[in-house]
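I have placed the structure first, in the form of structure tokens, so that the comments after it can refer back to it.
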Amino acid sequence: MAAMLLSTMRSGSGSPSWAVRLAARSLSTTSPLQAQVQTKSKKTLARPGVKNIVLVEGVRTPFLLSGTTYAELMPHDLARAALQGLLHKTGLPKDAVDYIIYGTVIQEVKTSNIAREAALGAGFSDRIPAHTVTMACISSNVAMTSAVGMIAAGQCDSVVAGGVEFMSDVPIRHSRKMRKTMLSLSKAKTIGQRLGLIGSIRMAHLSPELPAVAEFSTAETMGHSADRLAAAFGVTRLEQDEFSVRSHTLAKQAQDAGLLEDVISFKVPGRDIVSKDNGIRVSSMEQMGKLKAAFIKPHGTVTAANSSFLTDGASAVLVMSEEKALAMGYKPKAYLRDFVYVSQDPKDQLLLGPTYGTPKVLERAGLSMSDIDVFEFHEAFAGQIMANLKAMDSDWFGQTYLGRKSKVGAPPMEKFNLWGGSLSLGHPFGATGCRLVTTVAHRLQREGGQYGLVAACAAGGQGHAMVIEAYPQ
């Protein structure tokens with residue numbers, strides 16, 4: 001597929017650098033940072049006989065580079081902080097929700113059902129069930145859509161969903177041979193048996209098994225796959241660096257303007273109060289250009305600076321039926337409408353989830369790209385974003401891989417990730433989905449739009465897309 005894509009994309013392209021055009025358009029767009037305006041009037045996606053399900057509120061801890069201020073904590077500490085922040089921001093009684101769902105990717109063995117442990121730690125009633133889900137980088141999306149499904153089915157009226165990731169202390173295992181020896185030692189009944197087992201240990205047995213962000217089915221790291229995908233779509237190093245600069249610049253603008261209102265302050269035990277993300281770095285193109293390839297060396301185009309960084313953080317959202325939210329006196333932020341999950345080839349199309357998910361969710365909702373006022377795509381890598389934009393803007397890709405008559409169409413950059421994204425704000429794997437949805441709701445309010453679209457890729461060649469509708473202001 002890569003050879004076909006590269007040949008087709010290059011032969012059909014006579015335009016200047018994508019990133020130059022996109023960055024120029026987006027960075028000159030300052031109107032979304034201005035005062036809130038009246039929501040546009042379009043048809044609503046409400047359906048007769050179908051419950052309206054709403055986002056009441058969304059919060060997150062500051063997203064921090066792993067190994068920094070959160071380094072001495074545990075994952076459930078961050079999840080608990082997000083849940084407590086949600087309780088504080090909403091004034092929600094601690095026994096007023098029916099269920100709690102959390103997403104995470106790399107699980108701490110001591111808190112395997114982190115949803116339950118965090119909920120108890122946050123002070124929620126012990127009578128509220130909780131469970132944990134995982135689906136790589138869209139784990140908190142699964143938590144949210146699970147909440148939507150439970151409410152739609154009439155099982156619940158109020159659900160808290162969220163996600164957490166803690167990369168400062170990932171589980172590191174002994175080798176398999178060492179694990180077998182240690183298990184046998186625990187069962188040994190005589191000193192002779194124990195000494196025999198200890199004597200069987202070799203230096204090679206002491207080598208640890210380190211976790212890696214790699215595909216089990218292909219043994220390829222995600223960064224390596226992103227580099228190949230960028231090459232297949234003819235995405236240059238310059239384009240990736242320019243998009244990364246755009247992300248950090250817009251994130252810094254949004255942070256300085258106070259637009260990231262989902263971020264809560266968190267008093268880290270034994271440390272200072274943390275109140276903002278610490279991974280935003282506005283660099284010059286000259287600085288970006290000095291970095292070497294991180295995965296395919298020496299000629300790859302994906303670097304540490306145009307990739308999302310390892311991040312610690314947690315998020316939480318309150319999802320309710322509209323009827324329940326109004327009865328409790330809440331003013332919802334947005335309606336959670338149609339959503340889809342997609343899956344494709346994890347080798348050559350690992351990170352193309354947005355390209356596959358976007359047209360499907362628009363079709364379900366009866367909308368077109370032009371109906372969407374706010375786009376928030378997960379930025380795993382700048383090359384991944386650029387590859388998706390090119391795939392969406394390609395008639396050939398739409399016809400060959402999506403079974404369409406023509407292209408999906410790329411999102412207008414004046415509507416796209418205007419408050420930064422995962423490249424700049426950070427990407428705690430299990431928590432990003434809630435950030436995306438909450439950001440869409442806040443942007444719709446600020447910008448006066450009616451429909452927003454969230455899309456994300458995930459390990460395993462999977463992806464997610466959701467349509468969100470502004471709540472009438």
Pair list, Cβ under 7 Å, 6 or more apart: the stretch 315-339 residue under 26 Å from Leu260 (Cβ atoms), other residue in a loop (DSSP other than H, G, I, E, B) and among the acidic types (Asp, Glu): Met320/Asp157
Out of curiosity, is Ala304 assigned to a loop (DSSP other than H, G, I, E, B), at negative phi and either of a type in the set (Asp, Glu) or open to solvent by 30 Å² or more (accessible area, probe 1.4 Å) (or both)? yes
Residue count, the stretch 229-253, condition surrounded by 24 or more Cβ atoms within 10 Å (Cβ to Cβ) and either among the polar types (S, T, N, Q) or within 19 Å of the chain's Cα centre (by Cα) (or both), comes to 7
So which residues in the stretch 228-253 are among the aromatic types (Phe, Trp, Tyr) and not in a helix (DSSP H, G or I), if there are any at all? Phe233
Are there any pairs with C-beta distances below 9 angstrom linking a residue in the stretch 142-168 that is without any contact (Cβ under 8 Å) to a residue 60 or more places away in the chain and more than 15 Å from Val54 (Cα to Cα) to a residue that is open to solvent by 20 Å² or more (accessible area, probe 1.4 Å) and in a helix (DSSP H, G or I), with the two at least 6 apart or on different chains, and if so which? Gln155/Gly149
Could we say that Pro269 is part of a loop (DSSP other than H, G, I, E, B), out of contact with any Lys or Arg (no Cβ under 9 Å at 6 or more places or on another chain), open to solvent by 60 Å² or more (accessible area, probe 1.4 Å) and under 25 Å from Asp77 (Cβ atoms) here? yes
Tell me yes or no: at least one residue of the stretch 336-352 is closer than 30 Å to Val274 by Cα, open to solvent by 20 Å² or more (accessible area, probe 1.4 Å) and touching a strand residue (DSSP E or B) at 6+ places or on another chain (Cβ under 8 Å). no
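Here's the yes/no breakdown for (1) part of a helix (DSSP H, G or I); (2) within 21 Å of the chain's Cα centre (by Cα); (3) among the β-branched types (Val, Ile, Thr):
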position: Val319; (1), (2), (3): no, yes, yes
position: Gly329; (1), (2), (3): no, no, no
position: Pro346; (1), (2), (3): no, yes, no
position: Pro354; (1), (2), (3): yes, yes, no
Looking at the stretch 379-451, what helices (runs of 4 or more DSSP H) fall wholly within it and have at least 3 residues that are of a type in the set (S, T, N, Q) and out of contact with any Cys (no Cβ under 6 Å at 6 or more places or on another chain)? 432-447
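Quick test for you: out of Gly162, Gly192, pick the one residue that is within 28 Å of Thr69 (Cα to Cα) and open to solvent by less than 60 Å² (accessible area, probe 1.4 Å). Break it down stepwise before answering.
Values: Gly192 fails: within 28 Å of Thr69 (Cα to Cα).
None of the other options fit; the residue is Gly162.
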Hey, could you check the stretch 58-101 for residues that are surrounded by 24 or more Cβ atoms within 10 Å (Cβ to Cβ) and assigned to a strand (DSSP E or B) and say which is nearest to the chain's Cα centre (by Cα)? Arg60
Close pairs (9 angstrom Cβ cut-off, 6 or more residues apart or separate chains): of a type outside the set (S, T, N, Q) and open to solvent by 10 Å² or more (accessible area, probe 1.4 Å) in the stretch 447-473, part of a strand (DSSP E or B) and at pLDDT below 95 anywhere: Ala459/Ala214
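State whether one or more residues within the stretch 273-283 are assigned to a loop (DSSP other than H, G, I, E, B) and within 22 Å of Gly461 (Cβ to Cβ).
Looking for residues that are assigned to a loop (DSSP other than H, G, I, E, B) and within 22 Å of Gly461 (Cβ to Cβ), one finds none in the stretch 273-283, hence no.
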Within the stretch 425-461, how many residues turn out to be under 18 Å from Leu83 (Cα atoms) and among the charged types (D, E, K, R)? 1
Residue check, Val437 open to solvent by 10 Å² or more (accessible area, probe 1.4 Å) and either out of contact with any Phe, Trp or Tyr (no Cβ under 9 Å at 6 or more places or on another chain) or among the β-branched types (Val, Ile, Thr) (or both): no
Exactly one condition in (1) in a helix (DSSP H, G or I); (2) touching a residue at least 40 places away in the same chain (Cβ under 8 Å); (3) of a type outside the set (Lys, Arg) is false for Ala204; which is it? (2)
Long-range neighbours under 7 Å by Cβ, at least six apart or interchain, first residue touching a residue at least 40 places away in the same chain (Cβ under 8 Å) within the stretch 90-101, second among the acidic types (Asp, Glu) and assigned to a strand (DSSP E or B): Thr90/Glu57
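The values are calculated or read from the model by the stated rules, or taken from the named source; none is laboratory data. Treat the numbers as computed from the prediction; the structure is a model and nothing was measured. Neighbour counts run over all protein chains shown; Cβ positions are idealised from the backbone, glycine included. Ligands, DNA and RNA are excluded from the accessible area calculation, which covers all protein heavy atoms including side chains. Shrake-Rupley method; radii C 1.70, N 1.55, O 1.52, S 1.80 Å.
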